[in-house]
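The values are calculated or read from the model by the stated rules, or taken from the named source; none is laboratory data. All values reported here derive from a predicted model rather than from experimental measurement. Neighbour counts run over all protein chains shown; Cβ positions are idealised from the backbone, glycine included.
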Ligand code: FPP
């Protein structure tokens, strides 16, 4: 997400680059963690009589824009659903295009991610991805592991139920090996076995293109997230759409099962 690639235009060498938080938003009440289901790439392309894959290419631009805004506005973590365990059932050509696209984007953007202190991680069963992509992922993860800026999580070959099953299996293995007392299993020890271990739970889930579904995304982690559904198709997601999502979030009373919002 080099700044020159954040838009299709090349910025002036010394133009002000950091995007300021819109005045309508309260900086003290931003979500610490935003999750996004980036839906509608195919429909965006169809509306323009373009092949579906062009929607995915444009979707990458929307993701870079969103990462840039979240980072500039001081949001701690952004988690995006890039490829689900169910997405393998798409036409082979589309799956191959997406894998090649992920690899290309990582190769192209790694330097900028490093420079801008983004810590990138890929969450999911990565060993099933093509070898070249796995190598890029390992390299990017390692080279950005100690960065101090936004946590950028890309869910790839990710499924929420699968993640829960794998966590349960790992705990069971520890019990079987006599390393863990079943009575000691609690929410913290369970969460520590998830792909998101160490990450705070999302406060806000944004889903684009109007579908009202979770689609097997972060089933455990979204327990108390506020949901924002927008009709905007993902490739069109921009500063105005993110601002609307954050305003919607700030209008909510978060009770976490209690009777009033905890004091901020
Ligand atoms: C779904 O649209 C969206 C995807 C399958 C995500 C594609 C991935 C990216 C845009 C970003 C990848 C980024 C990195 C950093 C590797 P859809 O095809 O389901 O749209 P439709 O519902 O309109 O058909």
Across (1) within 15 Å of the ligand (Cβ to nearest atom); (2) not in a loop (DSSP other than H, G, I, E, B), residue 210 clears everything bar (2)
When the range 245-264 is examined, which residues are found to be out of contact with any strand residue (DSSP E or B) (no Cβ under 8 Å at 6 or more places or on another chain) and surrounded by 15 or more Cβ atoms within 10 Å (Cβ to Cβ)? 250
Restricting the search to the range 136-152, which residues are farther than 19 Å from residue 200 by Cα and either modelled with pLDDT under 95 or surrounded by fewer than 13 Cβ atoms within 10 Å (Cβ to Cβ) (or both)? 138, 142
How do the pairs read when you match residues in the range 20-32 that are under 8 Å from residue 250 (Cα atoms) with residues anywhere that are modelled with pLDDT under 95, using Cβ under 9 Å and keeping only pairs 6 or more apart or on different chains? 29/264
Number of the exception - residue 165 against (1) closer than 27 Å to residue 134 by Cβ; (2) assigned to a helix (DSSP H, G or I); (3) touching a residue at least 40 places away in the same chain (Cβ under 8 Å): (3)
Taking residue 205 as the residue in question, decide whether it is within 19 Å of residue 87 (Cβ to Cβ), within 16 Å of the ligand (Cβ to nearest atom), surrounded by 13 or more Cβ atoms within 10 Å (Cβ to Cβ) and in contact (Cβ under 8 Å) with a residue 12 or more places away in the chain. yes
Let me confirm something: among 184, 197, 191, 223, which residue is within 15 Å of the chain's Cα centre (by Cα) and free of Cβ contacts under 8 Å to residues at least 60 places away in the same chain? 197
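Okay, residues lined up against (1) at pLDDT below 95; (2) outside any loop (DSSP other than H, G, I, E, B):
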| position | (1), (2) |
| --- | --- |
| 220 | no, no |
| 223 | no, no |
| 228 | no, yes |
| 231 | no, no |
| 246 | no, yes |
| 249 | no, yes |
| 256 | yes, no |
| 260 | yes, no |
Among the listed residues 108, 143, 52, which satisfies the condition of being touching a residue at least 24 places away in the same chain (Cβ under 8 Å), over 18 Å from the mean Cα position of the chain (by Cα) and near the ligand (Cβ under 9 Å from one of its atoms)? 52
Out of the range 60-83, which residues are near the ligand (Cβ under 8 Å from one of its atoms) and either within 11 Å of residue 36 (Cβ to Cβ) or at pLDDT below 95 (or both)? 62, 63, 80, 81, 82
